[in-house]
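Since the structure comes first, as structure tokens, the remarks are kept for the end.
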Amino acid sequence: MPPNAQPVVSDVSSIPYHHELTECLKRQEDGLWEWFSSDELTEHANRDARLYLLKNAVRLGEDDHPELHALAREIAEALGIAAPVTLYQGNNGGQRNAILVRMNSEVAIFFGGDILSFLSEEEQRALLAHEMAHFLFKSVDGGSFEITDNLLSWICQHGGEPSHRRSLWLSQLYQEIYADRIALQVCSGLQAPLSLLVKVGAGIANVSAEGYLKQAEEALETATRDGHYSGADSDTHPELFIRALAMRDWIEDREQ
């Protein structure tokens, strides 16, 4: 990237919900907030994350995977990420997916199943951009959004109120929308991020983006026919058709 160039995602702001949720928890749970933001807890989490990868995955070296590493470096530079990117492959029960394993010192991306061979190069670009977007998101304001999620997760695991569970659910859904938007920016369009979404979500090798968008419109119309749609509260990702329509609508009119 040229010396004075702005990262490609400079115009993609985090979703306001996370700022409001974070400020609310800082006020209402100040003692817990201080603990979850402590260096000791962060270091412990980093050790656990590294041990998980070392035990359950194989590190993909640059000598053996030069194209993938070159693509990862290109995307990291475009996103203004200075931390090194480390890539890992694991079986993950045969499930095709990718996960950002958050550590302060590096961007660790875990590939599950045969996802890399299942995707085209442009879809791999979209996948890497999506996972690196989670790193960007969790780095906002000194990691305050990550602290918010960790704190809420702990409260929910120890009882909590419906409002805590709903807040955590919404936070996770909106994070996926944010990461999708970053992928749209990096890929300069809808085709690769949308085909990635449908391929991984539906498990099919050949995708018609235009055809799926028509199906998604039909799904939304049917789901909201009675004037109300609550979604699936058990999911940590927005439903496939909602993410597809959200990407298309944002590409067409970001402000709206």
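Candidates in segment 162-188 are the residues that are among the polar types (S, T, N, Q) and in contact (Cβ under 8 Å) with a residue 40 or more places away in the chain; of these, the one that is farthest from residue 133 (Cα to Cα) is 167. Residue pairs whose Cβ atoms lie under 7 Å apart, sitting 6 or more positions apart in sequence or on different chains, and linking a residue in segment 45-67 that is under 12 Å from residue 101 (Cα atoms) to a partner that is among the charged types (D, E, K, R), are 49/102. A residue that is aliphatic (A, V, I, L, M), crowded, with 18+ Cβ neighbours inside 10 Å and under 17 Å from residue 200 (Cβ atoms) cannot be found anywhere in segment 135-149.
Restricting 178, 229 to residues that are aromatic (Phe, Trp, Tyr) and at pLDDT 90 or above narrows the list to 178. If you go through segment 189-223 and keep only what is touching a residue at least 60 places away in the same chain (Cβ under 8 Å) and among the hydrophobic types (A, V, I, L, M, F, W, C), you end up with 190, 192, 196, 200, 205. It is to be established whether one or more residues within segment 180-195 are more than 19 Å from residue 76 (Cα to Cα) and touching a Leu at 6+ places or on another chain (Cβ under 7 Å). Taking every residue of segment 180-195 in turn, at least one turns out to be more than 19 Å from residue 76 (Cα to Cα) and touching a Leu at 6+ places or on another chain (Cβ under 7 Å). Checked against (1) over 19 Å from the mean Cα position of the chain (by Cα); (2) more than 28 Å from residue 188 (Cα to Cα), residue 90 passes all but a single condition, namely (1).
The values are calculated or read from the model by the stated rules, or taken from the named source; none is laboratory data. None of the values given here were measured: they were computed from a predicted structure. Glycine also receives a Cβ, built like all others from the backbone with ideal geometry; neighbour counts cover every protein chain displayed.
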